[in-house]
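> Sharing a structure here in structure tokens format.
The values are calculated or read from the model by the stated rules, or taken from the named source; none is laboratory data. Note that the structure is a prediction, hence the values are computed from the model and not measured. All Cβ positions, even for glycine, are placed from backbone atoms using ideal geometry, and neighbour counts span all protein chains on display. Accessible surface areas use protein heavy atoms only, side chains included; no ligands, DNA or RNA. Shrake-Rupley method; radii C 1.70, N 1.55, O 1.52, S 1.80 Å.
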Amino acid sequence: MTLPLFDDDGAAPAPAGPVTHLGARAVVLRGAALSHLPAVWPALQAVVAQAGFRHMATPGGRAMQLALTNCGALGWVSDARGYRYSAQDPATGQPWPALPAPFLALAQSAAAQAGFDGFAPDACLINRYAPGTRLSLHQDRDERDFGQPIVSVSLGLPAVFLWGGLQRADRPQRVPLFHGDVVVWGGADRLRFHGVAPVPDGTHPLTGAARINFTFRRAG
Ligand code: MD3
Ligand code: FE
């Protein structure tokens, strides 16, 4: 498969506007989150005030490099027992903050643009990467129905997304993701191995020294 990371003339993709196809059912919608940010950014601050970013323990007993929180009916959690979705924030025993309406509007509009009408996410995992933080290659397999897509929104510092195959050993493509980019993955691409290369140093006017990524999922 030829992955059109670059235009025919070899130029890097424009930072906003066009749609890049990564696979049969995986698309990058450049800048698609930007018009939603005036509503989404304050809603994120409210979520984080209620359920702050934290470094969860891995099943192996280390602290995760990235900091995360959740909103929606279900949140992704990690501890000595493994990875799973939980209706409660383990830090407080309380339900996760509700999915803010502007988050849902962004997720549904992006899913529809990628051909997934009627996407009804019940989970939003919010990852925060300080410079130097990476996410090693993995598959997302903790959700019940792999027929449902995942919508991912990138904010702040740019990063190189690693887009692998269905086998761990498949060499990943490197896809730069910028502030405001939205990626939708579903169908045959849903179980691709993927990860994030170490986030380069820098500061962004909105997020400071951080990359923030939301992933919307139908988990339950
Ligand atoms: C590709 N997060 O939280 S974007 C994750 O940027 C995760 O924080 C990354 O991988 C991040 O699990 C990558 C999201 C993503 C999610 C699901 C996928 C990429 C995917 C499923 C299949 C292929
Ligand atoms: Fe993932």
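> Pick from Phe193, Phe116, Phe178, Phe214: which is of a type in the set (A, V, I, L, M, F, W, C), within 16 Å of Gly31 (Cβ to Cβ) and open to solvent by less than 30 Å² (accessible area, probe 1.4 Å)?
Phe214
> When you go through (1) more than 21 Å from Leu68 (Cβ to Cβ); (2) within 15 Å of ligand 2 (Cβ to nearest atom) one by one for Pro176, which number turns out not to apply?
Of everything listed in (1) more than 21 Å from Leu68 (Cβ to Cβ); (2) within 15 Å of ligand 2 (Cβ to nearest atom), Pro176 misses just condition (2).
> Then there's this: Filter region 16-30 down to the residues that are within 12 Å of Gln113 (Cβ to Cβ), open to solvent by less than 50 Å² (accessible area, probe 1.4 Å) and either at pLDDT below 90 or of a type outside the set (A, V, I, L, M) (or both) and list them by number.
Arg30
> Give the residue that is nearest to Ala33 (Cα to Cα), with candidates limited to residues of region 156-187 that are touching a Lys or Arg at 6+ places or on another chain (Cβ under 6 Å) and of a type in the set (A, V, I, L, M, F, W, C).
Leu157
> Does Ala11 fit the bill of being among the aliphatic types (A, V, I, L, M), loosely packed, with under 14 Cβ neighbours inside 10 Å and at pLDDT below 95?
yes
> Are there any strands (runs of 3 or more DSSP E) wholly within region 68-131 with 1 or more residues that are among the basic types (Lys, Arg) and modelled with pLDDT of 95 or more, and if so which?
Per the criteria, 82-86, 123-129.
> Would you check if there is a residue in region 119-130 being more than 16 Å from ligand 2 (Cβ to nearest atom), out of contact with any Lys or Arg (no Cβ under 8 Å at 6 or more places or on another chain) and not β-branched (Val, Ile, Thr)?
yes
> Residues in region 78-85: is at least one charged (D, E, K, R), near ligand 1 (Cβ under 10 Å from one of its atoms) and over 27 Å from Ala39 (Cα atoms)?
Scanning region 78-85, I find no residue that is charged (D, E, K, R), near ligand 1 (Cβ under 10 Å from one of its atoms) and over 27 Å from Ala39 (Cα atoms), so the answer is no.
> Pairs needed: first member in region 40-68, free of Cβ contacts under 8 Å to residues at least 24 places away in the same chain; second member anywhere, small (Gly, Ala, Ser) and open to solvent by 70 Å² or more (accessible area, probe 1.4 Å); C-beta distance under 7 Å; at least 6 residues apart or different chains.
Close Cβ pairs satisfying both conditions: His55/Ala63; Ala57/Ala63; Ala57/Ala80; Gly61/Ala80.
> Looking at Ala98 and the list (1) within 14 Å of ligand 2 (Cβ to nearest atom); (2) under 22 Å from Leu37 (Cβ atoms); (3) not hydroxyl-bearing (Ser, Thr, Tyr), which single condition is not satisfied?
Tallying (1) within 14 Å of ligand 2 (Cβ to nearest atom); (2) under 22 Å from Leu37 (Cβ atoms); (3) not hydroxyl-bearing (Ser, Thr, Tyr), Ala98 fails exactly one: (1).
> For the structure I just gave you, tell me whether Ala169 is crowded, with 18+ Cβ neighbours inside 10 Å and more than 23 Å from Tyr85 (Cα to Cα).
The answer is no for Ala169.
> Over 20 Å from Phe193 (Cα atoms) and in contact with a Pro (Cβ under 7 Å, 6 or more places away or on another chain): which single residue out of Pro121, Pro131 fits that description?
Going through Pro121, Pro131 in turn, just one is over 20 Å from Phe193 (Cα atoms) and in contact with a Pro (Cβ under 7 Å, 6 or more places away or on another chain): Pro131.
> For region 53-67, give me each residue that is among the basic types (Lys, Arg) and assigned to a loop (DSSP other than H, G, I, E, B).
Across region 53-67, the qualifying residue is only Arg62.
> Further, regarding this structure: For region 132-147, which positions are at pLDDT 95 or above and either more than 13 Å from ligand 2 (Cβ to nearest atom) or in a strand (DSSP E or B) (or both)?
Gly132, Thr133, Leu135, Ser136, Leu137, His138
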